[in-house]
Amino acid sequence: MKCQHCEKPATFHITELTDPEGPKVMHLCEDHARGFLSQESPSPIASVASALAKQLKLGQTKEELAELDRKACPVCGITFYEFRNAGRLGCPYDYTHFQSDLEPLLSNIHDSLEHHGKRPKRAAPTADRQAHAIQLRREMDEAVEREDYERASEIRDQLLALESGDDSGGAAAAASESEED
Amino acid sequence: MLQNEKLDELAGRCGEWLRGTGPESDIVISSRIRLARNLGDFPFIRRCTTEDRMAIERTVAARMNKIQEWNHVRYVSVGELSEVDRQFLVERQLISRELSESEGPRAVAIDPNEQFSVMVNEEDHLRLQVMHSGLDLSKAWEQINHLDDLLEGAISYAVHPKYGYLTACPTNVGTGLRVSVMMHLPALVITRQIDKVFRSLQKISVTVRGLYGEGSQFTGDFYQVSNQITLGKSEQELVEQVGEVVPVLIDYERRARQFLVDQSEQDLHDDVSRALGILCTAKKISSEETMHYLSKVRMGVNLGLINTVPVKKINELFIHTQPAHLQKLHGRLLGSSDRNVQRASYLQQHLSGEDCGPAERN
């Protein structure tokens, strides 16, 4: 048998199990096998995508997969399908919203599910409050897009109130009315 | 903090990490650690609008301006730089290719010694990096840990009670920490042992990549050894894990060098001297060819076969002959073929009289 890339005899027969398309058999000469085996380790995107593909093929039907792909984060709007393709998440809340789908992936990549290192010095505002801020920003952008400036300015006031630590929104909202530009 | 100062002043200098000093600096070029951080009340970069990116920049710059020890730190809006300036910062390893090539508001803060930089709006909102010459991981960790504390100040990061620091890519979650030790391993390449060594490393969660790794091609025999995982181990444990592998690689490389010397010192001496000869006398030379020969010369210097060029000079030449550096040092934009001529003349100017044979000394 000849090498699939040149005329030399194929002395290496490699079965690649981690290919996203499923197992792939290659017949290579020594030089091409050396080249193949010394390939740069895949980029993070590639490794996330292939780890996901591998994990998703196990024990899930097509319908289940399609449903998972449609699942969207209520805070940033990213779908699981988009994450699967890009290898990047949309916001911190995705780790909560997609938790059950992400955990097998995390354990696959890191062989662990629990952080054991440094934590921020100051007490962070609750994750819910941070997620609320992201959601408000998105709603504000959408309002601006459909030229509903009144709604956009209301949301901006809510955001300012949230940032100043005043959840009631009332006073800060009234105060910031005047700085409309 | 200094805003948008000219970068030209950096061009003639070499960053602190290229000094060619520090432990094991014949084989270890630099020790680098980076931390990924995200602001909790903004979406990750992928879902950020231009306004979000601007707001992130404002928040971070305001915090940086309050840090007293950062009076001389230079803040550069990367979007406002020319292509050659962006490439220049990539070559110096102060920004990533991703930050250079992406779009929208983005920035980098650079300390005057080029020991640390902070990228804003890269894959994560913040990417802190510290770089030291030679093998110096524990000091690099101390420094970046301190920078992280300073920068945090009034910023609320995205943190999860179980997963730690949250990042745009799940491969960075937890500590957000990546340790990278850049090593010069020419003898393992010549003796064809490098693949074997790397395959054995993959089993212990350590990855290896080439310098300026475009595709799978490594240039100049430089390799980066990094931790693969970021979750489940503490920062110190991750630093130690890489720290334990590096001496093993150093030992392999030293043995391969010794093997080459034992096999035929004369052949090796001939090979590294010819490499120096080509660098000193060529009239046009590409960046790849330069890296290839500089790598041989560097090994020759470290083995005592070439005594006339200091390692620091070789380290500098690796950076100064890169396309963007060459153009900045020359003071104008050059096409690829003009660069090859300029590169040859630059090499000659900096190596001549250093061991280039009688013809060059006249």
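Rule-based calculations on the coordinates, nothing more; no lab input. Since we're looking at a predicted model, the values are computed, not measured. Cβ coordinates were reconstructed from backbone atoms using ideal geometry, including for glycine residues, and neighbour counts include every protein chain displayed.
Numerical summary
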| item | result |
| --- | --- |
| Stokes-Einstein D (µm²/s) once Rh is taken as the Kirkwood radius of region B:1-155 over alpha-carbon pairs, at 37 °C in 0.692 mPa s | 207 |
| At 0.890 mPa s and 25 °C, Stokes D of region B:262-362 from Kirkwood alpha-carbon radius, µm² per second | 178 |
| Cross-link pairs beyond the 19 Å C-alpha cut-off, checked among A:LYS118/B:LYS139; B:LYS296/B:LYS328; B:LYS162/B:LYS233; B:LYS139/B:LYS296; B:LYS196/B:LYS312 | B:LYS296/B:LYS328; B:LYS139/B:LYS296; B:LYS196/B:LYS312 |
| FRET E, pair B:LYS6, B:GLU142, Förster distance 51 Å, beta-carbon r, rounded to 0.05 | 0.95 |
| Mean shadow area of region B:60-113 over all directions, Cα convex hull, nm² | 3.9 |
| Number of partner chain Cβ atoms within 10 Å, mean per residue of A:126-134 | 4 |
| Neighbourhood charge, 9 Å Cβ-Cβ cut-off, centred on B:ALA168 and excluding it, Lys, Arg +1 and Asp, Glu -1 | 0 |
| Partners for A:LYS71 among lysines (Cα-Cα distance below 20 Å; same-chain residues under 8 apart left out) | A:LYS54, A:LYS57, A:LYS62 |
| Per-peptide average of other Cβ atoms within 10 Å, ordering B:323-331, A:64-72, B:113-121 highest first | B:113-121, B:323-331, A:64-72 |
| Inter-label distance for B:GLU265 and B:LEU329, nm, one decimal - labels placed 7 Å from Cα along Cα-to-Cβ | 3.3 |
| Neighbour-count ranking [beta-carbon atoms within 10 angstrom, fewest first] of B:TRP17, B:TRP141 | B:TRP141, B:TRP17 |
| Helix B:50-66 axis, angle to chain B major axis (alpha carbon atoms, nearest 10°) | 80 |
| Partner chain coverage, peptide B:31-44 - average Cβ within 10 angstrom | 5 |
| Chain B: C-alpha pair distances exceeding 30 Å, % | 40 |
| Per-residue Cβ neighbour rank within 10 angstrom, fewest leading, B:MET183, B:MET54 | B:MET54, B:MET183 |
